[in-house]
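In what follows, a single structure is set out as structure tokens and then discussed.
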Amino acid sequence: MLPAAASLKKQGANRGAVSAFLISTPESGIDSIFITYALLDPIMTIVRPISAFITAVTAGWTENLMHRPNDSGPLQVDRSCPVDNCCDGVDCPDEVHRRHHRPGEKIAAGLRFAVTDVWGDIVGWFAVGLLLAAVITVLIPDDFMARWLGGGITSMLVMLVIGIPLYICASASTPIAAALILKGVSPGAALVFLLAGPATNVTSLTVLVGLLGKRGTLRYLLVLAVCTVAFGLLVDQLYAFLGIVPAAVIGEAAELVPEWLQYTGVAVLLLISVKPLAATFHRKSAGPKGETTFHSGFPIAPAAGPKKGEGSSCPPSCGCGH
């Protein structure tokens, strides 16, 4: 989600669109909707994605309304081709570019862009966030939630305080909410946890500062808090009006991803993080050399263009006209 948001920002998406994407994407998905229906009830199954959608739209609209971008000119999108021996930093016409690349080259270029450019932009923020998330996970007692969730708006606020920094996905939060409802927590408080938990965590907050800025991140959190608590109160009133006692089916939530694949993903993530982290450390320790630009708060090293006296190495078959 975070690399995709950074990529959207690079391609010209405004802050409101990025905010809406960051809220709507993790809060609800096909898998979490089915799990919600299995472990909770039809009301929560319908209310959960609708609440996520309205919260995301509200956050995006608020960000676009409050943020005044300092546009110095039209957006300059880098259209240069990342495939070797093609265009070499010169923009390619779309019609020509579509014809002279094989599907394998396009896939390789996309993977290289994701691993080097996008992940390299956010890996520093992500590493700091993981460290903070680990500290919070260790320091919060296991019985903290059960001790302080007594119901009412106080319970919702406690859920909000716990859910915002907690690293948990939408699917994993559903059985936790089901267990809390069985213990007497109101469905509204459970909904607050279902919305606030997946929508943000300490890891994403550090990246949000880079994507939206400090004020944008504050607006993001305020809208998320207000909307989730408001929907929680509405859900409690809905259950009371219908005279429904919320019931949950107890079941074990199996991980959707096999354990071996999880460890493989961690190993791959660590491998692709070594180079950008080392480059960032070297850049910080060596000091500024040349002009360094910033995109959405992330430091980006100056592009290495052709040296003086060197021409383009693009072959005539490229068809780019140089």
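Quick check: is even one residue across segment 11-34 assigned to a helix (DSSP H, G or I) and farther than 30 Å from Gly110 by Cα? Full working, then the answer.
Narrowing segment 11-34 to residues assigned to a helix (DSSP H, G or I): 15-27, 30-34.
Filter once more, so that each one left must be farther than 30 Å from Gly110 by Cα: 33-34.
Taking every residue of segment 11-34 in turn, at least one turns out to be assigned to a helix (DSSP H, G or I) and farther than 30 Å from Gly110 by Cα.
Just to verify a result, which residue in segment 170-197, among those that are among the hydroxyl-bearing types (Ser, Thr, Tyr) and buried (at least 24 other Cβ atoms within 10 Å of the Cβ), is farthest from Tyr37 (Cα to Cα)?
To start, the set of residues in segment 170-197 that are among the hydroxyl-bearing types (Ser, Thr, Tyr) comprises 171, 173-174, 186.
Now drop any that are not buried (at least 24 other Cβ atoms within 10 Å of the Cβ), which leaves 173-174, 186.
On the way: Ser173: 13, Thr174: 10, Ser186: 17 Å.
Looking at residues that are among the hydroxyl-bearing types (Ser, Thr, Tyr) and buried (at least 24 other Cβ atoms within 10 Å of the Cβ), I get Ser186.
Run down Val229, Val158 and say which single residue is crowded, with 19+ Cβ neighbours inside 10 Å and touching a residue at least 60 places away in the same chain (Cβ under 8 Å). Walk me through how you get there before you give the answer.
Details: Val158 fails: touching a residue at least 60 places away in the same chain (Cβ under 8 Å).
Among Val229, Val158, only Val229 is crowded, with 19+ Cβ neighbours inside 10 Å and touching a residue at least 60 places away in the same chain (Cβ under 8 Å).
Which members of segment 213-229 meet the condition of being of a type in the set (S, T, N, Q) and over 21 Å from Val47 (Cα atoms)?
Thr217 - this is the single residue of segment 213-229 that is of a type in the set (S, T, N, Q) and over 21 Å from Val47 (Cα atoms).
Which pairs turn up if I take residues in segment 275-292 that are modelled with pLDDT of 55 or more and look for partners that are surrounded by 11 or more Cβ atoms within 10 Å (Cβ to Cβ) and not β-branched (Val, Ile, Thr) with beta carbon separation below 6 Å, at least 6 apart in sequence or on another chain?
What qualifies is Pro276/Gly120; Thr280/Gly124.
Can you report the number of residues in segment 32-53 which are surrounded by fewer than 22 Cβ atoms within 10 Å (Cβ to Cβ) and in contact with a Cys (Cβ under 9 Å, 6 or more places away or on another chain)?
0
Yes or no: segment 37-59 includes at least one residue that is modelled with pLDDT under 80 and among the acidic types (Asp, Glu).
First, pick out the residues of segment 37-59 that are modelled with pLDDT under 80: 37-39.
Then keep just the ones that are among the acidic types (Asp, Glu); that gives none.
No, segment 37-59 contains no residue that is modelled with pLDDT under 80 and among the acidic types (Asp, Glu).
The values are calculated or read from the model by the stated rules, or taken from the named source; none is laboratory data. Computed from a prediction, not measured in an experiment: that's the story for all the values here. Reconstructed Cβ throughout: ideal geometry from the backbone, glycine too, with neighbour counts over all protein chains shown.
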